[in-house]
Amino acid sequence: MPLVEISIVAGRSPEKIRDLIHQVHAAVRNSLDAPDEAIRVLVREVPPAHWAAGDITKAEQEASRER
């Protein structure tokens, strides 16, 4: 049973996340010939204050753009 876990910064619309799930599900099905009911896709939304690159959180990046 394939399990795909995706972590993204929170803030996308439910429609965008649903499309992501659909596209990833199709990619797994097509590449592994896995049956639909066996495929699991888990999307974790991480708050911008908990996601950092280069010691700068996404929240800090967004705040600096607003100034």
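The values are calculated or read from the model by the stated rules, or taken from the named source; none is laboratory data. Keep in mind that this is a model prediction, so the values were computed, not measured. Note that we place each Cβ from the backbone using ideal geometry, even for glycine, and neighbour counts take in every protein chain shown. Just so you know, the surface numbers come from the protein's heavy atoms only, side chains and all, with ligands and any DNA or RNA stripped out. Shrake-Rupley method; radii C 1.70, N 1.55, O 1.52, S 1.80 Å.
Of the beta bridges in the chain, as assigned by DSSP with both residues counted there, near 20 percent are antiparallel. To put it simply, the accessible area of the chain at a 1.4 Å probe is 52 percent carbon and sulfur. Annotation for residue 38 and residue 60: the two label points, set 7 Å from Cα along the Cα-Cβ direction, are 4.5 nm apart. For the chain, the solvent-accessible area with a 1.4 angstrom probe is 76 square angstrom per residue. Here is the tail figure for the chain: Cα pairs spaced more than 20 Å apart come to 44 percent of all pairs.
Between region 37-55 and region 2-31, what is the C-alpha centre distance in whole Å? Comparing the Cα centres of region 37-55 and region 2-31, I get a distance of 11 Å.
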